[in-house]
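The values are calculated or read from the model by the stated rules, or taken from the named source; none is laboratory data. Note that the structure is predicted; figures quoted are calculated from it, not measured. Heads up, the Cβs are rebuilt from the backbone with ideal geometry, glycines too, and the neighbour counts pull from every protein chain shown.
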Amino acid sequence: MSDSLSSLYGGRGISIASGRGGRIWDSEGREYVDFFNGHGASLFGHGNQVLRRAVYEAADGVWSSGAGFESPVREELARLLGSLIGGGMAFICNSGAEAIEAALKLSVSLRPGRHRILACRRGFHGRTCGALALTFNPKYRNPFKRLIPEVEHFEPDALAQSIDEDTIAVFVEPVQGEGGVYPLSPKTGAAISESCRESGALLISDEIQTGLGRCGAVLASPSAGLDPDIICLAKGLAGGLPIGAAVWKSTLGDFPSHGHGSTYGGGEFIARVAAAALKLILEGDLSRRAGEIGEELRSGIEGLGARAIKEIRGMGMLNGIEITSPSVDAVKALQRKGLLSLAAGPRVVRFLPSFAASPEDISLAVQIIGDVLTRESGAR
Ligand SMILES: Cc1ncc(COP(=O)(O)O)c(C=O)c1O
């Protein structure tokens, strides 16, 4: 690579040429089962017919009129987003980190006079300065300390008792993705929700990776015991095109006048595609399918009996295996055999299949995982 991407992301050493459903092909014609899907953004897999049609229709219309103008397409998307939280309002932006920034600013403006912002150890919320403050990994945060606001990080189990009447907001992921695929226990989530309710602190559920059906339901918060005031979405919301959204209960209030904004946020092009994607999730049975995909994958991996696998964790189509060797080496070895995955910390390999993953994709993936991990360690 001739830009800085290699040092930021670690080069994969292949170039992706095309994709269909749950598979992609590199420029040499090699085929891969895609359980990476652009960091989970290609939630519907590749070449989804409905989304392609929405893109063509969007291309024929106005692409971006500016949020000061009324726009039936953006309003439809905002209404669909609001329905996720029982009649809410939405700020539409362009990425996950921006959705988190919006939630931060909204929280601070809704809770004047309070000071504390809380998040979880191992949590990941993005890399812009506000989002970075919430992200736990000191390796990401430390070099930029002077740019970021103060956030207190607690073990999820210690969070509920740390919330008080000086707390503005508490940020939680229903399943920690980047931090190693750790689902939040419903008991812990319920205690956090209760503590927020009692103290008046705002609960923000970061559903950027878990949401939109990936974890077997439209939102993962309820099964993690969370009753959020604000949810943050991005990744699959427009099937892989850049978008993010902060959605909150309208009873909370709104940003101060001119208190936030975005040039591209909610432009007609992206709003049309996202509305089509959201309708697919809300009106079909994709969430149920995600649950089945996850179960098939986890039970297939379990059946391998590989000694190199210490634990299998996950919910729906967000899964991780904790292994005894470095995850980056395993990710590379899996790729060489035709399975794309990603690391979630030093010892966890993460699998993010899409709704398009077929039973054949899953069994081939399991076979490849078995080839790579049992060869290295011998079977149990
Ligand atoms: C839980 C979570 N929050 C926030 C982000 C940041 O999203 P983006 O990369 O779109 O800024 C991510 C990205 O991986 C994420 O997984």
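Of note:
- Filtering L43, L104, L84 for residues that are under 24 Å from L286 (Cα atoms), in contact with a helix residue (DSSP H, G or I) (Cβ under 7 Å, 6 or more places away or on another chain) and outside the structural domain of P346 (by TED's automatic domain parsing) leaves a single hit, L43.
- Selected residue (only one of R114, R122 is on the phi > 0 side of the Ramachandran plot and either surrounded by 14 or more Cβ atoms within 10 Å (Cβ to Cβ) or touching a helix residue (DSSP H, G or I) at 6+ places or on another chain (Cβ under 7 Å) (or both)): R122
- For region 256-271, a residue qualifies if it is buried (at least 24 other Cβ atoms within 10 Å of the Cβ) and part of a helix (DSSP H, G or I), and the qualifying residues are I270, A271.
- Criterion (under 26 Å from I208 (Cβ atoms) and outside the structural domain of R350 (by TED's automatic domain parsing)) met by exactly one of E75, E70: E75
- Residue match in region 191-201 (condition: among the small types (G, A, S), under 21 Å from the mean Cα position of the chain (by Cα) and either more than 28 Å from I323 (Cα to Cα) or modelled with pLDDT of 95 or more (or both)): yes
- Residues of region 158-175 satisfying the condition of being away from the ligand (no atom under 16 Å from the Cβ) and either modelled with pLDDT under 95 or surrounded by 15 or more Cβ atoms within 10 Å (Cβ to Cβ) (or both): L159, A160, S162, I163, T167, I168
- Scanning region 50-65 for any residue that is buried (at least 23 other Cβ atoms within 10 Å of the Cβ) and within 26 Å of T251 (Cα to Cα) turns up nothing.
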